[in-house]
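Read the figures in this text as sums done on the coordinates, not as results from a lab. All figures in this text were calculated on a predicted structure; none of them were measured in a lab. No Cβ is skipped: glycine too gets one built from the backbone with ideal geometry, and neighbour counts run over all protein chains shown.
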Amino acid sequence: MVDVTYLVQDMVDHPDESFGFKFSYLDEIPYKINLYASSENPDISLWPELTITYQVSTSADSPLTSEPVRIFPNPSSGLVHVQSSISNPIQGVRVYNSIGQLVKTLEGSVTQLNISDAGMYYVEILTEAGKTTRKVVINN
């Protein structure tokens, strides 16, 4: 199962920047041949099934609305700067890979991140006002 909470939240927060989902296998060798069938196929065992898991924000972890948070440069070669206003200091950062796995947690006033592996990441910034998630691309 893949948790797409941050993908869905990003699509809701930034619909003009969202282009949907792309699913791919980490290792395609065992999957050289796949059979896909529509839900009109008489054999229901061949009907495609997709389960999407996401969470709706609650008041305890509400998304930021009034205080902007910046992440730059984006794309980056690995060093990413995180910036928030003085009135809304950063309290921590969580970094998730493109399949929603937590890959890094930093606590306290974070101003920069080092992400060594190339790929797309979701950076969740925690502040007194709540949390927000930004997408960042690392090109090494």
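Results, tabulated for the structure shown:
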item	result
Projected label distance in nm at Asp43 and Ser98, using a 7 Å step from Cα toward the beta-carbon	3.2
Relative exposure of Leu7, Leu102, judged by other C-beta atoms within 10 Å (fewest first)	Leu102, Leu7
Thr111, Thr5, Thr132 arranged by Cβ crowding within 10 Å, fewest neighbours leading	Thr111, Thr5, Thr132
